[in-house]
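For reference, the structure is listed below as structure tokens.
The values are calculated or read from the model by the stated rules, or taken from the named source; none is laboratory data. Because the structure is a prediction, the values reported are computed rather than measured. Every residue, glycine as well, gets a Cβ built from its backbone with ideal geometry; the counts of neighbours run over all protein chains shown. Accessible surface is based on the protein model in full, side chains and every heavy atom, while ligands, DNA and RNA are left aside. Shrake-Rupley method; radii C 1.70, N 1.55, O 1.52, S 1.80 Å.
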Amino acid sequence: MTRPPQPTPAPSPSAGRRAPDPDIVLYDTMQRKKVRFTPTTPGRVGMYLCGPTVYSDAHLGHAKKEVAFDVIRRALMHFGYAVRYVANITDVGHLQNDSDDGEDKIARRAALEQLEPMEVADKYFWSFVKDMDALNVLKPSINPRATGHIGEQIALIQELIERGHAYESAGSVYFDVRSWPEYGKLSGRRLDDQEEGTREAVREDKRDPRDFALWKRAEPEHIMRWDSPWGVGFPGWHIECSAMSLKYLGEGFDIHGGGLDLQFPHHEAEIAQAEAAGHPFARYWMHNNMLTIGGEKMSKSKGNFTTIQDVLAQHDPMVVRFLLVGSHYRSVTEFSEEAFEGARNGYRRLAEALGEVERRVKDAPAGADAALDAKVAAHVQAFEDAMRDDFNTPKAVAALFGLTTDVNAALGAGTPGRDTLERVQAAYRTLGGDVLGLFADGHGAARGQDDAPVVDALMDVVLRARQHYRLSKQYSEADELRRTLADVGVTVEDTKDGPRWRR
Ligand SMILES: Nc1ncnc2c1ncn2[C@@H]1O[C@H](COP(=O)(O)OP(=O)(O)OP(=O)(O)O)[C@@H](O)[C@H]1O
Ligand SMILES: [Zn+2]
């Protein structure tokens, strides 16, 4: 079975209010330098992002990646491009330790929680969606799941076998790394170097220890299994991304994104699988750096993670987002309470200035303020220049602070003309709101002030009252309190450290 050719589809239309900006520069990992960005189809961008493996709640490291690429997408839209944004959901094939051995992460979790594997995948998929909504991450245009594309993956594997780049062995299929000299071009790893690291892990059914699985034979106890030309099995982790990105974005699509840690082997494998099968792959590769804690990558397996839900129980989602955009996507973001403190103050400064502008704009005197207009235009220019230069969000945020200093000075001296205030408002809403994703409804400026400390104090009182009811066995009063809180979206959980709440 040969896979039909994949024409580049017309991307779904999105806001293209201005002519596509030809001066965007981005850092391409493949070329190892900043290059001018020119999409294949003028005005349209096809973008693919490696999404989560849905076997646990997402942590703040995942949020860094999602927000980083969300901002890139939003910036491209701001600069006049229609973006089709495809982000996959891995719900099969991702084995423990990212290797070709071990249990499937989803199946393992299913056994632990005594759920169907698809129940696990759905549970954590929806938890991920909720987190992303809270962080104001735009929904992907397409959110394909690996289990929904087994046919496409099998077809691509067949093409690789036909072309002599993959072989079947005992019911599994492996990519023949030696048949594809370009393997290693993204990460810059030479085949000899790779051999060193993997010699130990040599499997008897592989011709070469560096060969990676495209399809794995399912042992009898393996629950997630599909029929294939090679018997009952399941796909390798890498193949889904090659198959689904080509399916929805077409050959030679524009941008492929993901975390730096995915460069090797995942992205290297994605490229080899597509290109060895004769399908030109992504034209630009973008990688976000890591969110760290104590200098170490926050990661599920290291256990040094804080879930997004836990973070959001303590911090305004817009402050979390502000913290993340405060460092460049290619820089490390160190997670600490002090960093949050800084973000809270920084975000409040912007949100309060916008709040004040929005309060005054209706009653502002007619006309404009030329001096302030000139300053606003310069800050807008600085913001856009920063974003054109490899999406430099820290510089862009600095431009918003510059704007805020000038706006606060002008507001201190009186109320500027309405035309100017409207331009100031539009600058905040467009640059901070549409591009950086801040000031989402119900947060920051819309609320006028950060009421988190007040809410925290009130919740403290309420939880103590509930605790009092419980200790004096007044359970119906305690339940009534919990229900009242639930009605306004506040969940109370009793943990071994006492009651905790989140909204
Ligand atoms: N600390 C982090 N900072 C930024 N991006 C991250 C971080 N951790 C994971 N990612 C990104 O999120 C995506 C999914 O990662 P993955 O599921 O491997 O998370 P993980 O916590 O590293 O899990 P594990 O420890 O089980 O490998 C990848 O693109 C990865 O680069
Ligand atoms: Zn991928």
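A compact table of results
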{"item": "Among (1) modelled with pLDDT of 95 or more; (2) open to solvent by 10 Å² or more (accessible area, probe 1.4 Å), the one test that Ile24 misses", "result": "(2)"}
{"item": "Residue match in the stretch 99-110 (condition: at pLDDT below 85, surrounded by fewer than 16 Cβ atoms within 10 Å (Cβ to Cβ), within 14 Å of ligand 1 (Cβ to nearest atom) and at positive phi)", "result": "yes"}
{"item": "Looking only at the stretch 42-58, and only at residues there that are at pLDDT below 95 and among the hydroxyl-bearing types (Ser, Thr, Tyr), the one that is farthest from Arg145 (Cα to Cα)", "result": "Ser56"}
{"item": "Residue in the stretch 234-248 that is within 16 Å of ligand 2 (Cβ to nearest atom), in contact with a Leu (Cβ under 6 Å, 6 or more places away or on another chain) and open to solvent by 10 Å² or more (accessible area, probe 1.4 Å) present", "result": "no"}
{"item": "Tally, over the stretch 397-433, of residues that are within 30 Å of the chain's Cα centre (by Cα) and open to solvent by less than 60 Å² (accessible area, probe 1.4 Å)", "result": "17"}
{"item": "Matching residues, the stretch 382-396, being within 23 Å of the chain's Cα centre (by Cα) and open to solvent by less than 50 Å² (accessible area, probe 1.4 Å)", "result": "Phe383, Glu384, Ala386, Met387, Arg388, Asp390, Phe391, Asn392, Thr393, Pro394, Ala396"}
{"item": "Any hit, the stretch 462-469, residues being of a type in the set (Phe, Trp, Tyr) and modelled with pLDDT of 80 or more", "result": "yes"}
{"item": "Test for Gly231: is it in a strand (DSSP E or B) and either surrounded by fewer than 24 Cβ atoms within 10 Å (Cβ to Cβ) or outside the structural domain of Phe69 (by TED's automatic domain parsing) (or both)", "result": "no"}
{"item": "Which listed residue, of Gln314, Gln273, is crowded, with 24+ Cβ neighbours inside 10 Å, more than 20 Å from the chain's Cα centre (by Cα) and more than 12 Å from ligand 1 (Cβ to nearest atom)", "result": "Gln273"}
{"item": "Met290 vs. criteria out of contact with any His (no Cβ under 8 Å at 6 or more places or on another chain), within 30 Å of Lys185 (Cα to Cα) and among the hydrophobic types (A, V, I, L, M, F, W, C)", "result": "yes"}
{"item": "Number of positions in the stretch 240-270 that are farther than 25 Å from Val67 by Cβ and more than 16 Å from ligand 1 (Cβ to nearest atom)", "result": "6"}
{"item": "Some residue of the stretch 34-47 being in a loop (DSSP other than H, G, I, E, B) and surrounded by 19 or more Cβ atoms within 10 Å (Cβ to Cβ)", "result": "yes"}
{"item": "Positions within the stretch 376-391 being at negative phi and touching a strand residue (DSSP E or B) at 6+ places or on another chain (Cβ under 7 Å), in sequence order", "result": "Arg388, Asp389"}
{"item": "Odd one out for Phe305, checked against (1) more than 8 Å from ligand 1 (Cβ to nearest atom); (2) outside the structural domain of Ala68 (by TED's automatic domain parsing); (3) among the hydrophobic types (A, V, I, L, M, F, W, C)", "result": "(1)"}
{"item": "Failed item, numbered, when Gly448 is tested on (1) surrounded by 16 or more Cβ atoms within 10 Å (Cβ to Cβ); (2) in contact with a Gly (Cβ under 6 Å, 6 or more places away or on another chain); (3) modelled with pLDDT under 85", "result": "(1)"}
